[in-house]
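Down below is the structure, laid out as structure tokens.
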């Protein structure tokens, strides 16, 4: 099967966020907004912002509030919920808030949905984990109906809609981009396929994650066919982690301590997966291909591998992290924007073709210009400077 390659591969971030406990949380939130501003200036395509309510690391409770603030500071970058946890909210409220943002951003908002990633969030609200994925699917179906302008009557044990309808029609046509988060469970791909919406493969950065992401996409396509829908690879984003520096050795030194602490502290101790990360090593993660750490050339090769592993996708998202200093983090994104993104966004071939055409035909093209320069001196009755004569002679050689 041929690999799907969009003309412009989208690049963006998935901002949980992950802030090391012990830092000033007010400044951390401000830094999140500053990062989105930087990405907007660097012509990144998207920023997806998470919703979490516990565990101390992921301190954004409302992605909608962050999107509203970021929209005022940016010009072109699209801003998505990454994700809004649908079982935590009434479907009409989600539809209303997102539609308002659709208008406030002039169509730059995207809606990513999920069942809720942290068991501790659901526990505090008394939500049975076994109900979360079915409720996500149920809520998404209701929200899409509301976006389409339907009047919805629906009664469930956790939400009721009576003659529910939207006050505002969507700004986007027919409505904003919608995507479902996919992990190692089949629930995400099945829901995405059932409703014919996009997919965010957010565990692709973990060992074996890219292979799992490809399997998830195939599952979504199969489910879509059952419901008379078609999945579009342009609406599929896969997540990885990334840090670039001017040399590979520098990039490795930058992030080894921070990445090791993050995986062992957050995954290994805080969210209840201690056994799974007892044997985790920095070297092992790099060898598994779960993270891109190196130079722009290394990154270009890594994206090509992702194309091969997945069969092609519409976007690549980077897990926003703070594994190194703020200055080095910003430099990493700048290196990506300057030297990696253009390779996958159809920006360089025409420039390279123009350069090569000019170089290959320089004698034919530029010789008349040299003659015109000589004539200008002669017509003015001026002596031709020796350095110009020498330069023209070198050009003929």
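Data overview
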item	result
Subset tally (residues that are in contact with a strand residue (DSSP E or B) (Cβ under 7 Å, 6 or more places away or on another chain) and buried (at least 24 other Cβ atoms within 10 Å of the Cβ)) for the stretch 167-197	8
Listing of helices (runs of 4 or more DSSP H) fully contained in the stretch 117-209 that carry 3 or more residues being modelled with pLDDT of 95 or more and more than 19 Å from residue 91 (Cα to Cα)	119-124, 187-195
Cβ pairs under 9 Å, 6+ apart, first in the stretch 357-377 and not assigned by TED's automatic domain parsing to the domain that holds residue 392, second at pLDDT 85 or above and exposed (fewer than 11 other Cβ atoms within 10 Å of the Cβ)	none
Some residue of the stretch 313-322 being in a helix (DSSP H, G or I) and either in the same structural domain as residue 79 (by TED's automatic domain parsing) or surrounded by 14 or more Cβ atoms within 10 Å (Cβ to Cβ) (or both)	no
Test: residue in the stretch 11-25 that is assigned by TED's automatic domain parsing to the domain that holds residue 312, in a helix (DSSP H, G or I) and at pLDDT 95 or above	yes
All positions within the stretch 277-297 that are in a helix (DSSP H, G or I) and over 14 Å from residue 252 (Cα atoms)	277, 288, 297
Pick from the stretch 132-154, criterion over 21 Å from residue 171 (Cβ atoms) and in contact with a helix residue (DSSP H, G or I) (Cβ under 7 Å, 6 or more places away or on another chain), ranking: surrounded by the most Cβ atoms within 10 Å (Cβ to Cβ)	139
Pairs, first within 22 Å of residue 178 (Cβ to Cβ) in the stretch 127-138, second modelled with pLDDT of 95 or more and not in a helix (DSSP H, G or I), C-beta under 7 Å, six or more apart	132/115; 132/116; 133/115; 135/158; 136/113; 136/114; 136/115; 138/156
Members of the stretch 235-250 that are in contact (Cβ under 8 Å) with a residue 60 or more places away in the chain and part of a helix (DSSP H, G or I)	235
Number of the exception - residue 382 against (1) touching a helix residue (DSSP H, G or I) at 6+ places or on another chain (Cβ under 7 Å); (2) assigned to a loop (DSSP other than H, G, I, E, B); (3) without any contact (Cβ under 8 Å) to a residue 60 or more places away in the chain	(1)
Residue in the stretch 30-51 that is at pLDDT 95 or above, under 18 Å from residue 324 (Cα atoms) and assigned to a loop (DSSP other than H, G, I, E, B) present	no
Within the stretch 52-83, tally of residues that are surrounded by fewer than 16 Cβ atoms within 10 Å (Cβ to Cβ) and under 23 Å from residue 327 (Cβ atoms)	1
Scan of the stretch 80-108 for residues that are part of a loop (DSSP other than H, G, I, E, B) and either out of contact with any helix residue (DSSP H, G or I) (no Cβ under 9 Å at 6 or more places or on another chain) or within 14 Å of residue 176 (Cα to Cα) (or both), ordered by number	105, 106, 107, 108
Check on residue 239, buried (at least 19 other Cβ atoms within 10 Å of the Cβ), in contact with a helix residue (DSSP H, G or I) (Cβ under 9 Å, 6 or more places away or on another chain) and assigned by TED's automatic domain parsing to the domain that holds residue 339	yes
Flag for residue 285 being at pLDDT below 95 and touching a helix residue (DSSP H, G or I) at 6+ places or on another chain (Cβ under 8 Å)	yes
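The values are calculated or read from the model by the stated rules, or taken from the named source; none is laboratory data. Just so it is clear, the model here is predicted, and its values are computed rather than measured. When we count neighbours, we look across all protein chains shown, and the Cβ atoms used for this are built from the backbone with ideal geometry, even at glycine.
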